[in-house]
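K.L.:
Sharing a structure with you now.
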Amino acid sequence: MSQIDHSSTPLARPAKGRGTMRILRALVQDRAAMIAACFLVLLILSATLGASLLASHASGVNMAMRNAPPQLSGGWAYLLGGDNLGRSLLARLVVGSRTTLGIAASAVICSMVIGATLGLIAGLRSGIVGDVIMRVTDVIMSFPALLTALIVLYLLGPSVANLVLVLAITRIPVYLRTVRAEVLEIRRRPFVNAARSMGASEFWVVRHHLLPLILPTLLTIASVDFAAVIIAESGLSFLGLGIQPPTFTWGAMVATGRAYLTQAWWVTFFPGLAIMLTTLSLTLLSNWLRLVTDPNQRWRFAKGGK
Amino acid sequence: MAIFRRSFLTLVSLLVLLILVFFLSRLTGDPSYLFLPVNATPEARAAFAQANGFDQPLVTQFITYVQNMLTGDFGTSLRQQRPAIDIALEAFPITLKLAGVTLAIAIAGALVMGSLAAWKPRGLVDRTVGLTSLAGASAPDFWVAITLVLIFSVSLGILPTSGMGGIAYWILPVIVLGLRPFGLLVQVVRGAMIAALSSPYVKTARAKGASETRVIFVHALRNSMLPVITVAGDIAASLMNGAVIVETIFGWPGIGGVMINAILQRDFAVIQATILVTAIAILILNIVVDLLYGVLDPRVRAA
Amino acid sequence: MMQLNLRGATAIGLVLGALSLAPAFAQDAAKITIVLPEEPPSLEPCDAKHSSIGRVVIRNITEPLTMLDPQSGEVVPMLATEWQQVDADTWRFKLRQGVTFSDGTPFDAKAVIAAFKRLDRTDVVCNTKQQTMGGVDLTVTEIDPHEVEITSSKPSPILPTMITVVQMSAPSMDMNGASRQPVGTGPYKFQSWQPGQQITLARRDDYWGDAPVITDASFVWRSESAVRAAMVAQGEADVALIIAETDATDPKMDYAYPNGETTRLRIATNVPPLNDVRVRKALNMALDLDALKPIVGDEVTRAEQLVPQNTDGFDAGLKPYPYDPAGARALLDEARAEGVPVDTQIDIIGRDGIYVGAAEMLQAMQAMWAEVGLNVNIRMFDTGNWLRYQNRPFPEPDAPLLGQDQHDNLLGDASFTLFNKYHSNGVNSMLWDDQVDQLIIKGENATGAERTQAFQQAFRRIHDDLAADIFMYHMVGYTRVGPRIDWKPTIATNSEIAISEMKLAK
């Protein structure tokens, strides 16, 4: 039963034309997922087109509009208010989305891919290779991120790539340990043994049995990590690692607004909200994707989403 | 046997960690800049280095460190001029208490709410729990912390702003610290439960006529604990390393704040002592998590 | 989750309130709590120049021989009642009689000798000596039990000012590490220290001066300015030291006061294009620093020199560079025409948190410089790395750098600033100018009007002729004082808080 189901999940086998249509139809049916998807599309547009269009509005100094509250008068620029140097918060949110998404996505994807790969290996090879991987993980988990950051700064110098490296390294263990735990469990299930005994290669088993089962948990962690990575990034920029003004991220916007919490809540609130909405959309979409692609869950759609 | 092998290997990681921390932290700069006044002469810096043994080759310094450690001397804090291990051991219990309470509440809450959400995916409960927990998990922690202080202490006047004391002092720190663990765990529980609820053994249990409550909280929950425990273990480890924001905002003198300050101050002995203490906790935690896998699913025997 | 928890917390909070489990804030009438930004690393008197130590120790637990009056900047008696100069390097101080340390030991010449000895210890860092006395060695000898002679290794015309920083610690204090239980002659004695949580002091009954009103004081610390301010608003504390301008929102409780700090960007005057005075002037003229004041605090004033008013050598006649972007552009064009590499990228070495608004200030300046066509790049560093750029030998000696800097001179004499910051041999100096060197040396060896004039001329040359810095502001601090106490912060408050000066409000 389930071994057949799993080997036919669309995640395991990229959906063909009809599959895509089915997914799209399911998307339209699910309002929350639809909104999430629209938001992410908007975000990608803002990071690509918007960031280029509004770049000039996001810099400069306009002390007259310092910490200006959100307002309708004066056009779109101060719709969300002004920041501590009187720059349009809206324009900065749009311009900042490019660096923010770039850094957070690279860091999260790097840590997820590296963590998952090593976790798979550690789960499948219980000998010395697995031991080494797990004990290195222990070391990474016990190593403070700030110290990692300072060391990278000294050894490799400041750059965006190194910032991503630091953010990724510190988040590897959670993916690694999660994947390994699942692999240890799943590989003992009857359908995996069955596939093995039928002569399937290890790669085939991983690709067709393990990944589809592990991916949902990974995506969930990755979505929530997205917010954590953005906040952590702003914590490291004061060391001089990575993004330096006049470039900025949402995390940096939240961090500079911190001093004005009592006076001008909007300076931190809107970038914070943007981080929140992005995380929320990613999670909603990954949750939805898991439901739609899991054959065991399809009955829910068949019965009208109950 | 496995446990001995595992403990031995863990000791090896601890040793590797200590070596790495010792040598790498010394790459991050000369502490004399931070401990001597800004107008200190090069001669004064040299005298400082000599008085603290920094003029010796790194390997010599490391041998001295290990020798002293064997006699129970973990070095002296440059900043406080007292034994570094005292500083670490004063701070650690505070972190442990705060992390323990927070994690217990977050896990319990996540199990209940996550199960309810998984019971009817995309139902009202799922939507509400999902939205609120994710909002909490992705909000910047200092923002939440200060906003809560402003609301509950300044405006309403029902909770103390900060400090350590009775139950009233715990409420805000635990909430702020627990938001992210709770948000992440709810999602993980929900995901694992959805998978478990549609798995063969749950179907079997249903077929045998077990009540829905029993199906959810006994059969499904037990079988979805694996990822939950793994993620909870990871969260616990990061809490051991300190809940810096919460500690500093609420004035809880835990080990996270001590560690961060020591790193920024290049107070090497304290960096080493705090990492030693937290690493032991994290390593023990990892062993416990691995043992739990075996308890939950006898087929899994961690290597 | 946030909403759920908020609701939950409200419910719990209400219950707690009803059961009155919430802490009772009403404190004993004469007991106060002061909330500091950070925990002191120790209470070592010989390191009391470390401001987090000084705030607890100075004039509460230990006292100096002489002190600076924060209002006038004059040296006034403390444990020494009078003094006179014997010759160029020798001074005599008469000691106050009838003074005892809180452990009962009498305060006499032997105690003074022991206290100065404590400065010379090498097992722990004693910054006081290094920071304020440079290379000068002081020898104390007993004339009689109530008079000492202090000899300096080189002529020190302002010796009574220099020794305001030397705390008279009890001879009974051991030399084992940095002290965490100091003993002094002050109006309060050290009571307890719960690491990470609080330090308590109690009033002495046998203090030599007037008995203070406040009987007990506890020091606690919170690193977040908003929380410090909230604690006073809530009645959990009576004084919140150094809050951010943005948290100083209650005019009834919040005081703004000059804190003795002066901010600048130090220019690497030896590296092209910064070695051209026109470029340096253009850098100054391109900035609308009056408009940018709100970033660091509305009450700050423009600075033309690195010392505050009331400092011997301060030149009140200096005028700040006007905001003149057109003029700046013209100067840059002129320099460019002569082959000065004006378009080279200039780097700022910044440090987040050196003062409130530090990072934003740099961004605003960067934007204003971009307006006149200058290519300025910001590089932020943590304190440890930033400090490397403060001292010789300088890293990257060939790079055109602007170093973000804040300097305090609370000792009332420009000599504590000028040599280190501007002399060709000063450890923090990026200026090499013979005329400035001569004026500094001339001033250091002179007294009275001659000293004042020499220092003033040095500042004038540095500002008007050389434009050696990006001159910024004399800074202000903000401190919140609760309604129970009658007390006002002064220029000295960042480094010392004399509890004996606090009264209870009527």
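The values are calculated or read from the model by the stated rules, or taken from the named source; none is laboratory data. Model, not experiment: these values are computed from the prediction. Every residue, glycine as well, gets a Cβ built from its backbone with ideal geometry; the counts of neighbours run over all protein chains shown. For accessibility, only protein heavy atoms count, side chains too; no ligands or nucleic acids. Shrake-Rupley method; radii C 1.70, N 1.55, O 1.52, S 1.80 Å.
K.L.:
Can you find, within segment C:147-162, the residue that is most open to solvent (accessible area, probe 1.4 Å) among those that are within 27 Å of C:Gly104 (Cα to Cα) and out of contact with any Ser or Thr (no Cβ under 6 Å at 6 or more places or on another chain)?
P.N.:
Filtering first and then ranking leaves C:Glu147.
K.L.:
I'd like to check something: does segment B:41-49 contain any residue that is part of a loop (DSSP other than H, G, I, E, B), open to solvent by 20 Å² or more (accessible area, probe 1.4 Å) and outside the structural domain of B:Arg266 (by TED's automatic domain parsing)?
P.N.:
Checking segment B:41-49: at least one residue is part of a loop (DSSP other than H, G, I, E, B), open to solvent by 20 Å² or more (accessible area, probe 1.4 Å) and outside the structural domain of B:Arg266 (by TED's automatic domain parsing).
K.L.:
Restricting attention to segment A:228-251, report how many residues are away from chain C (no Cβ under 11 Å) and in contact with a Phe, Trp or Tyr (Cβ under 8 Å, 6 or more places away or on another chain). Before you say what the answer is, go through the steps one by one.
P.N.:
The first filter runs over segment A:228-251 and keeps only residues away from chain C (no Cβ under 11 Å), leaving A:228-233, A:249-251.
Retained after the next criterion (residues that are in contact with a Phe, Trp or Tyr (Cβ under 8 Å, 6 or more places away or on another chain)): A:230.
Selection size over segment A:228-251: 1.
K.L.:
While we're on this one: So which of B:Leu116, B:Leu103, B:Leu172 is open to solvent by 10 Å² or more (accessible area, probe 1.4 Å) and closer than 29 Å to A:Val254 by Cα?
P.N.:
B:Leu103
K.L.:
Being open to solvent by less than 50 Å² (accessible area, probe 1.4 Å) and not hydroxyl-bearing (Ser, Thr, Tyr) is the filter here; which residues of segment B:119-133 pass it?
P.N.:
Within segment B:119-133, B:Pro121, B:Arg122, B:Gly123, B:Asp126, B:Val129, B:Gly130 qualify.
K.L.:
To continue, here is another question. Among B:Ile255, B:Ile263, B:Ile271, B:Ile245, which is the only one that is open to solvent by less than 10 Å² (accessible area, probe 1.4 Å), within 14 Å of chain C (Cβ to nearest Cβ) and touching a Phe, Trp or Tyr at 6+ places or on another chain (Cβ under 7 Å)?
P.N.:
Selected residue: B:Ile255, the only one of B:Ile255, B:Ile263, B:Ile271, B:Ile245 that is open to solvent by less than 10 Å² (accessible area, probe 1.4 Å), within 14 Å of chain C (Cβ to nearest Cβ) and touching a Phe, Trp or Tyr at 6+ places or on another chain (Cβ under 7 Å).
K.L.:
Applying the selection to segment C:361-398, what residues are more than 8 Å from every other protein chain (Cβ to nearest Cβ) and open to solvent by less than 20 Å² (accessible area, probe 1.4 Å)?
P.N.:
Across segment C:361-398, the qualifying residues are C:Met361, C:Met365, C:Trp369, C:Val372, C:Leu374, C:Val376, C:Trp386, C:Tyr389.
K.L.:
Please work out if A:Leu289 is under 23 Å from A:Leu42 (Cβ atoms), in contact (Cβ under 8 Å) with a residue 24 or more places away in the chain, open to solvent by 30 Å² or more (accessible area, probe 1.4 Å) and facing chain B (nearest Cβ under 8 Å).
P.N.:
no
K.L.:
Taking the stated definitions as given, is C:Leu410 more than 19 Å from C:Leu265 (Cβ to Cβ), open to solvent by 20 Å² or more (accessible area, probe 1.4 Å) and either assigned to a loop (DSSP other than H, G, I, E, B) or in contact (Cβ under 8 Å) with a residue 24 or more places away in the chain (or both)?
P.N.:
Taking the combined requirement at face value, the residue satisfies it.
K.L.:
Return a yes/no flag: does segment B:219-236 have any residue that is open to solvent by 20 Å² or more (accessible area, probe 1.4 Å) and polar (S, T, N, Q).
P.N.:
Yes, there is a match, as at least one residue in segment B:219-236 is open to solvent by 20 Å² or more (accessible area, probe 1.4 Å) and polar (S, T, N, Q).
K.L.:
Continuing with this model, one more query. May I ask you to verify whether B:Ile158 is assigned to a helix (DSSP H, G or I) and β-branched (Val, Ile, Thr)?
P.N.:
no
K.L.:
Pull out all pairs, ordered by first then second residue, where Cβ-Cβ is under 7 Å, the residues are six or more apart or on different chains, the first lies in segment B:32-58 and is without any contact (Cβ under 8 Å) to a residue 60 or more places away in the chain and more than 9 Å from chain C (Cβ to nearest Cβ), and the second is open to solvent by 50 Å² or more (accessible area, probe 1.4 Å) and in a loop (DSSP other than H, G, I, E, B).
P.N.:
B:Ala49/B:Asp55
To keep it simple, each residue is scored yes or no on (1) surrounded by 17 or more Cβ atoms within 10 Å (Cβ to Cβ); (2) more than 14 Å from chain B (Cβ to nearest Cβ); (3) in contact (Cβ under 8 Å) with a residue 24 or more places away in the chain.
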position	(1), (2), (3)
C:Trp193	yes, no, yes
C:Asp206	no, yes, yes
C:Pro212	yes, yes, yes
C:Val227	yes, no, no
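K.L.:
Is segment C:486-496 home to any residue that is surrounded by fewer than 21 Cβ atoms within 10 Å (Cβ to Cβ), of a type in the set (Gly, Ala, Ser) and either part of a loop (DSSP other than H, G, I, E, B) or in contact (Cβ under 8 Å) with a residue 40 or more places away in the chain (or both)?
P.N.:
Scanning segment C:486-496, I find at least one residue that is surrounded by fewer than 21 Cβ atoms within 10 Å (Cβ to Cβ), of a type in the set (Gly, Ala, Ser) and either part of a loop (DSSP other than H, G, I, E, B) or in contact (Cβ under 8 Å) with a residue 40 or more places away in the chain (or both), so the answer is yes.
K.L.:
If you go through segment B:11-59 one residue at a time, how many are small (Gly, Ala, Ser) and farther than 25 Å from C:Cys46 by Cβ? Before you say what the answer is, go through the steps one by one.
P.N.:
Taking segment B:11-59 and keeping what is small (Gly, Ala, Ser), we get B:13, B:25, B:29, B:32, B:40, B:44, B:46-47, B:49, B:51, B:53.
Then drop every residue that is not farther than 25 Å from C:Cys46 by Cβ, which leaves B:13, B:25, B:29.
Matching residues across segment B:11-59 total 3.
K.L.:
Continuing with this model, one more query. Can A:Gln297 be described as surrounded by fewer than 19 Cβ atoms within 10 Å (Cβ to Cβ), under 26 Å from A:Val28 (Cβ atoms) and either out of contact with any Asp or Glu (no Cβ under 6 Å at 6 or more places or on another chain) or modelled with pLDDT of 80 or more (or both)?
P.N.:
Yes, satisfied.
Residues are listed down the side, and each one gets a yes or a no for (1) over 21 Å from C:Val57 (Cα atoms); (2) among the charged types (D, E, K, R):
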residue	(1), (2)
C:Gly104	no, no
C:Ala109	yes, no
C:Ala114	no, no
C:Arg118	no, yes
C:Asp144	yes, yes
C:Glu147	yes, yes
C:Thr151	yes, no
C:Thr161	no, no
C:Ser169	no, no
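K.L.:
In the set C:Val356, C:Val436, which member is among the β-branched types (Val, Ile, Thr), away from chain B (no Cβ under 14 Å) and closer than 16 Å to C:Thr262 by Cα?
P.N.:
C:Val356
K.L.:
C:Ala30: modelled with pLDDT of 50 or more, surrounded by fewer than 18 Cβ atoms within 10 Å (Cβ to Cβ) and either out of contact with any Phe, Trp or Tyr (no Cβ under 8 Å at 6 or more places or on another chain) or away from chain B (no Cβ under 14 Å) (or both), yes or no?
P.N.:
Yes.
K.L.:
Does any residue of segment B:118-132 turn out to be in contact (Cβ under 8 Å) with a residue 40 or more places away in the chain, more than 10 Å from chain C (Cβ to nearest Cβ), of a type in the set (Phe, Trp, Tyr) and assigned to a helix (DSSP H, G or I)?
P.N.:
Yes: one or more hits.
K.L.:
Another question about this same structure. Can you tell me which of (1) in contact (Cβ under 8 Å) with a residue 40 or more places away in the chain; (2) open to solvent by 10 Å² or more (accessible area, probe 1.4 Å) is the one C:Thr139 doesn't meet?
P.N.:
If we test C:Thr139 against (1) in contact (Cβ under 8 Å) with a residue 40 or more places away in the chain; (2) open to solvent by 10 Å² or more (accessible area, probe 1.4 Å), just (1) comes out false.
K.L.:
Of the conditions (1) closer than 30 Å to C:Ala115 by Cβ; (2) buried (at least 16 other Cβ atoms within 10 Å of the Cβ); (3) at pLDDT below 95, C:Ala9 satisfies every one except a single condition; which number is it?
P.N.:
Here C:Ala9 clears every test but (1).
K.L.:
Could you check segment C:242-263 and list, in sequence order, the residues that are among the hydroxyl-bearing types (Ser, Thr, Tyr) and out of contact with any Asp or Glu (no Cβ under 9 Å at 6 or more places or on another chain)?
P.N.:
C:Thr246, C:Thr249, C:Tyr255
K.L.:
Pick from C:Ile378, C:Ile354, C:Ile348: which is at pLDDT 95 or above, in contact with a strand residue (DSSP E or B) (Cβ under 9 Å, 6 or more places away or on another chain) and either closer than 20 Å to C:Val296 by Cβ or among the basic types (Lys, Arg) (or both)?
P.N.:
C:Ile348
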